[in-house]
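K.L.:
This is the structure I have questions about; it appears just below.
The values are calculated or read from the model by the stated rules, or taken from the named source; none is laboratory data. Small disclaimer: the values here were computed from a predicted structure and weren't measured. We place every Cβ from the backbone using ideal geometry, glycine too, and count neighbours over all the protein chains shown. Accessible surface areas use protein heavy atoms only, side chains included; no ligands, DNA or RNA. Shrake-Rupley method; radii C 1.70, N 1.55, O 1.52, S 1.80 Å.
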Amino acid sequence: GQMDAPLEVRIVLSIVMAASGLLVIWMAQAAASGQLKRNDIAGIRTPSTMASDLAWLAAHVRSKRATMTAGILSLVSGLAVLFPLPGPVMIAVVLGGCAALLGFVLYGARVGVRAAKAVGEAPKGPAN
């Protein structure tokens with residue numbers, strides 16, 4: 001129809017949203033499984049999560065569900081914009097996908113940091 005966004009615009013938005021979602025899904029899986037080690041580029045990088053390999057893993061295991069949800073919702077919004085939606089609906093879908101991605105990633109980071117801090121505060125064995 002007249003209100004539909006051009007196909008090229010829908011394809012670009014779809015690729016960006018779907019690729020972002022797939023990247024976040026992969027990262028959540030890799031970090032929680034121990035494949036993605038502590039690094040300066042990807043993952044939850046705060047002083048508490050970077051303190052040790054155990055803290056890094058605890059954070060990513062705890063944040064996996066929220067982070068996977070973020071990626072899935074981004075991927076779904078990326079696929080949804082391929083349908084010939086009216087412009088305003090397409091914009092709402094993309095903004096909703098972005099908000100979901102950001103919201104769930106931030107929530108995952110928050111619970112992950114809490115888990116990392118718990119590891120950092122755990123007793124280190126017999127006190128001398």
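K.L.:
Quick check on my filter: what residues within the stretch 42-58 are within 19 Å of Leu101 (Cβ to Cβ) and buried (at least 19 other Cβ atoms within 10 Å of the Cβ)?
P.N.:
Of all residues in the stretch 42-58, those within 19 Å of Leu101 (Cβ to Cβ) come to 42-45.
Answer for the stretch 42-58, where residues must be within 19 Å of Leu101 (Cβ to Cβ) and buried (at least 19 other Cβ atoms within 10 Å of the Cβ): Gly43, Ile44.
K.L.:
Filter the stretch 1-41 for residues that are within 19 Å of Gly96 (Cβ to Cβ) and outside any helix (DSSP H, G or I); which is most open to solvent (accessible area, probe 1.4 Å)?
P.N.:
Only one residue fits best here, namely Met3.
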